[in-house]
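The values are calculated or read from the model by the stated rules, or taken from the named source; none is laboratory data. Remember, it's a predicted structure, so these values are computed and weren't measured experimentally. Reconstructed Cβ throughout: ideal geometry from the backbone, glycine too, with neighbour counts over all protein chains shown. In case anyone asks, the SASA skips ligands and DNA or RNA and just uses the protein heavy atoms, side chains included. Shrake-Rupley method; radii C 1.70, N 1.55, O 1.52, S 1.80 Å.
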Amino acid sequence: MQQPLAFRMRPTHIDQVLGQEHLVGPGKIIRRMVEAKRLSSMILYGPPGTGKTSIAAAIAGTTRYAFRQLNAATDAKKDLEVVVAEAKMSGTVILLLDEIHRLNKVKQDYLLPHLENGRIILIGATTENPYIAINPAIRSRAQIFEVKPLTPDQIKLGLQRAIEDPEQGLGNYSLAIDDTTLTHFSTVTNGDIRSALNALELAVLSTPENEEGQIVITADIAAECLQQKRLTHDKDGDAHYDVISALQKSIRGSDVDAALYYLAILLEAGELIIACRRLLVIAYEDIGFGNPQATQRTVAAVEAAEKLGLPEAKIPLAFAVTDLALSPKSNTSYRAINQAMADIQAGNTGPVPDHLKDSHYSGAKQLGRGVGYQNPHNFPYHYVQQQYLPDKLKDRHYFQADPTGKYETAIANFYENLKKPKT
């Protein structure tokens, strides 16, 4: 059975790697390693189909070291033993270990000594953030490099290579494909060249020749083979948290267009609950007193979205995102609670003042509980000056008004007026 086109078109030399100029371009770190033939173990992380395996294959092809590929999740310790035995017999082996974030402790402990002595050059590949997902013992023995999604132009170049290559590619087929269709293949896979190559091959193999003996690939055929735009969004992966972060930061930065875009990504990925929860957080963390009515409308929009479900849920959520993005911003209450909690976590606490303690039981007065408490409702303006914080913190001010809207201006004025002597 023939391997998929994306497998067949893997580079055999560092010069054939598409993109990743920050790693393999002239004078860059991986190229320098390869040219000096001074390789160290490395971890390549990035979205699927962006060239992690291609870089490993190109390194091996350029240095002419033996190249073996295993999967940390599915291959057993005995498979590692075979690679180590080969390295002992014939010298250095480059081991590409896919899904390295799933390497268990038994396999890791077996592998570590062979990384130390240089017999095995490990190239770990993962879609997960290695600083979070990979054991420190492996991480400390490897350099970490981020592999970026390919640009449409880079993917198009890869597709053209495949179309013209008669040995590993599609060069033996009589193809007719216009630039617009080729552009469609290269843009909708979101930086994933593997998906683009495999979709192109499917289009070629599933399209009959016309009367002139040509296989004509139209935009409709391309769309059918690609099915739909692929999102770089995995609810358990790095990109998931990046999109959530971008949504919140776009709303905080009042960029309504970017905020709607990131909301759309979450909804296209089916992440309705995540979107709802994040908008509630944003409403109270970033808008707050800047526009309290907007926070209330967000709660109502989230409730409506949860009742409606997708796809209609996009309507109230888009309303909320627009409302929040274009509201005055205030994180006064967020900063205040963080400062209060920082005091508590640092042990900067004290007992509740006696006059505030519970006095609703027999004998409380004898213990001094509640004695001297003044009820504000018994005074003009429902306010009386008295100490509420523990003695140790009595001069602490957590609330620091920073008005951006009418409401916070009003409560800031109220707060300042409370401190003024009453006549």
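DSSP loop (so not H, G, I, E, B), at most 15 other Cβ within 10 Å: list which GluC sites (Glu not before Pro) in the range 96-170 pass both filters. Intermediate values should be presented prior to the final figure.
Numbers: sites: Glu99, Glu116, Glu128, Glu146, Glu164, Glu167; in loops: Glu99, Glu128, Glu167.
Loop-located and lightly packed - Glu167.
Using the Karplus equation 6.51 cos²θ - 1.76 cosθ + 1.60 (θ = phi - 60°), what ³J(HN,Hα) coupling, rounded to whole Hz, does each residue of the range 137-149 give in order, writing x for Gly and Pro?
These are the phi-based 3J(HN,Hα) values: 4, 6, 4, 6, 9, 9, 7, 10, 10, 8, 9, 8, x Hz.
Measure nothing fancy, just the Cα-based angle from helix 272-282's long axis to the longest principal axis of the chain, in degrees from 0 to 90, nearest 10.
40 degrees
For the chain, with a Gaussian network of springs between Cα atoms less than 10 Å apart, report the residue from Gly25, Gly213, Gly347 with the top mean-square fluctuation.
Gly347
Which cross-chain or sequence-distant (5 or more) residues have an amide H under 5 Å from the amide H of Thr404, H modelled 1.01 Å from N in plane?
Residues meeting the amide H criterion: Thr409.
Considering only protein heavy atoms, with the full assembly of protein chains and a 1.4 angstrom probe, order Ser362, Ser245 by accessible area, largest first. Provide the component values of the computation, followed by the final result.
Details: Ser362 115, Ser245 40 Å².
Solvent-accessible surface, decreasing: Ser362, Ser245.
Taking the Cα centre of the range 25-129 as origin, work out the dipole magnitude from +1 charges on Lys and Arg Cβ and -1 charges on Asp and Glu Cβ, in debye rounded to 20. Mind showing how you got there, number by number?
Numbers: 15 positive and 10 negative charges, 71 e Å.
Once rounded to the nearest 20, the dipole reads 340 debye.
Just the number please: accessible area per residue for the chain, 1.4 Å probe, all protein chains included, in Å². Kindly include the intermediate steps, with their values, before the conclusion.
Working: 23310 Å² over 423 residues.
For the chain, the per-residue accessible area is 55 Å².
Kindly provide the helix-only [θ] at 222 nm of the chain, computed as the sum of -39,500 (n - 2.57) over DSSP H runs of four or more divided by all residues, to the nearest 500 deg cm²/dmol? Walk me through the numbers on the way to the answer.
Values: 19 runs with 202 residues, N = 423.
The per-residue figure over the chain is -14500 deg cm²/dmol.
Which value, in Å² rounded to 10, gives the accessible area of Arg194 with a 1.4 Å probe and all protein chains present?
Accessible surface of Arg194 is approximately 110 Å².
Given the options Ser41, Ser330, Ser140, which has the most mean-square fluctuation in a GNM of the chain, springs set between C-alpha atoms less than 10 angstrom apart?
Ser140
Taking H as built 1.01 Å from N, whose amide H comes closer than 5 Å to the amide H of Ile144, not counting residues under 5 places away?
HN-HN under 5 Å from Ile144: Ile43.
On full extension of the chain, what length is gained from Lys392 through His377, given 0.36 nm per residue of separation minus the C-alpha to C-alpha distance?
Details: separation 15, 0.36 × 15 = 5.40 nm, distance 2.69 nm.
Gain in length upon complete extension: 2.7 nm.
Where in the range 1-63 are there trypsin sites (Lys or Arg not before Pro) that are in a DSSP coil and have at most 10 other Cβ atoms within 10 angstrom of their Cβ?
Numbers: sites: Arg8, Lys28, Arg31, Arg32, Lys37, Arg38, Lys52; in loops: Lys28, Lys37, Arg38.
The qualifying sites are Arg38.
List the GluC sites (Glu not before Pro) within the range 303-377 that DSSP assigns to loop and that have no more than 15 neighbouring Cβ atoms inside 10 Å.
Values: sites: Glu303, Glu306, Glu312; in loops: Glu312.
Passing sites in the range 303-377 are Glu312.
Starting from the residue with the highest accessible area, list Ser40, Ser206 in decreasing order, probe 1.4 Å. Write out the running numbers ahead of the final one.
Numbers: Ser40 40, Ser206 70 Å².
Putting Ser40, Ser206 in descending order of accessible area: Ser206, Ser40.
How much accessible surface area, in Å² rounded to 10, belongs to the heavy atoms of Asp98 with a 1.4 Å probe?
Rounded to the nearest 10, that gives 40 Å².
Sort Lys357, Lys105, Lys406 from largest to smallest accessible area, using a 1.4 Å probe on the heavy atoms of the protein chains. Could you put the intermediate results ahead of the total?
On the way: Lys357 60, Lys105 135, Lys406 185 Å².
These residues rank, largest area first, as Lys406, Lys105, Lys357.
Have a look at Tyr334, Thr322, Ala283 and report the one farthest towards the positive end of the charge dipole of the range 235-380, computed about the Cα centre with Cβ charges (Lys/Arg +1, Asp/Glu -1).
Positive-end residue among those listed: Tyr334.
Cα-Cα over 26 Å: which of Lys28/Lys88; Lys37/Lys156; Lys52/Lys249; Lys249/Lys406; Lys394/Lys420? Kindly include the intermediate steps, with their values, before the conclusion.
Values: Lys28/Lys88 31 Å; Lys37/Lys156 31 Å; Lys52/Lys249 30 Å; Lys249/Lys406 23 Å; Lys394/Lys420 18 Å.
Correct reply: Lys28/Lys88; Lys37/Lys156; Lys52/Lys249.
Carbon-plus-sulfur fraction of the accessible area of the chain, 1.4 Å probe, in percent? Numbers along the way, then the final one.
On the way: 12140 of 23310 Å².
About 52 percent, which is the carbon plus sulfur part of the accessible surface.
Working from Cα positions, state the angle (0 to 90°, nearest 10) between the long axis of helix 256-268 and the longest principal axis of the chain.
Roughly 60 degrees between the two axes.
Taking the 0 to 90 degree range and rounding to the nearest ten, how far is the long axis of helix 105-116 tilted relative to the main principal axis of the chain, both from C-alpha atoms?
60 degrees
If you average the alpha carbon positions of the range 181-218 and of the range 303-350, how far apart do those two centres end up, in angstrom?
Between the Cα centres of the range 181-218 and the range 303-350 lies a distance of 45 Å.
How would you order 386-395, 55-64 from highest to lowest mean count of nearby Cβ atoms within 10 Å?
Values: 386-395: 11.8, 55-64: 21.4.
So the peptides 386-395, 55-64, ranked by packing, come out 55-64, 386-395.
For Gly49, what residues show an amide H to amide H distance below 5 Å, using hydrogens built from the backbone and excluding near sequence neighbours?
none
Can you work out ³J(HN,Hα) from phi for every residue in the range 345-352, in order, using Karplus 6.51 cos²θ - 1.76 cosθ + 1.60 and θ = phi - 60°, giving whole Hz and x for Gly and Pro?
5, 8, x, 8, 10, x, x, 4
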